[in-house]
Every structure is written in C-alpha cells, then in structure tokens.
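Note sheet for the following structure.
The values are calculated or read from the model by the stated rules, or taken from the named source; none is laboratory data. Predicted model only: the values in this text are computed from it and were never measured. Cβ placement follows ideal geometry from the backbone for every residue including glycine, while neighbour counts extend to all protein chains displayed.
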C-alpha cells in the first residue's frame, strides 16, 4: 500500500491476544483500524498483526519507508505499562535489557534483516513493559492504559 506522499508505511502489532499482555501489539493495531476511517493519516498505512516470527517480520517490513513495530516486552520492572520507543540503531542493544516476549529477540531479527538487506528505510519500535503473559484474553490494567498513548504516537509517526 502506498501513502499519499508515495512512501510505503506499515504498522506491525506483534503478539498473541490469548496470552494476556502479549496482546498489546494486536490491540494497538485493532484500535488503529477502528480510527482509520476518520483519520486520513491512516488511510494508506498497512496495519498487520504478527506472531513475531523473524521471517514473517522481514516479509512485512521489507521495502517499506517506515515500519512501526508495536510489542509487549519483559523489562524486569515490577509493574507493567512503561513505554519505550527505539529506532533502528538502538535495537542492537535491545537484547541486553529489554527483550521481546517471543523466542527470538527483535534485535536478532533486525540483525538478520541487516545481513539479508531486508530492513525498512526507517524502523521504530513502540513497546510497553508487561508482566502477565499467561493464557487468557485481556490486557492488564497498566498495559491497557498504554494503548491510547501508543496509538497517538503511531499517528504522529505516520503523519
């Protein structure tokens, strides 16, 4: 899909909505989809959900001018809801302190994409610290409160 200014943009919500806070990424994408009709900035933005498997992420962001990845992370904090924003060059440090709740870290996926020449021109990760990854639907209250601010940030980035 192409934006009005000719740039291709994708927002990827990483996670599993049936693993509590891990559903944060898909929840943000779902909210953006609800707002699309009323927000011209979102009209031509691709909205995708992913389980975070590296080759699927590479397929979703390859050839884009801007890829925004939204995910829940294990940050070691006692409470959820802390928001992070990382850009491409900062992702190499991601594995050291803030890690994805998925088997392969996002930092490792970025390094694979770099080696294969399959990175977007600009990659921004919007993440929220989370603690509840057990089976079940629904975000913890702290993580649910982060959905609207992250949606607002995505709208700024794609605008």
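Of note:
- Looking only at the range 5-28, and only at residues there that are out of contact with any helix residue (DSSP H, G or I) (no Cβ under 8 Å at 6 or more places or on another chain) and farther than 19 Å from residue 80 by Cβ, the one that is surrounded by the most Cβ atoms within 10 Å (Cβ to Cβ): 8
- Residue 45 touching a residue at least 24 places away in the same chain (Cβ under 8 Å) and under 11 Å from residue 151 (Cβ atoms): no
- Condition met for residue 141 (free of Cβ contacts under 8 Å to residues at least 24 places away in the same chain and loosely packed, with under 15 Cβ neighbours inside 10 Å): yes
- Some residue of the range 36-52 being under 14 Å from residue 110 (Cα atoms) and at pLDDT below 95: yes
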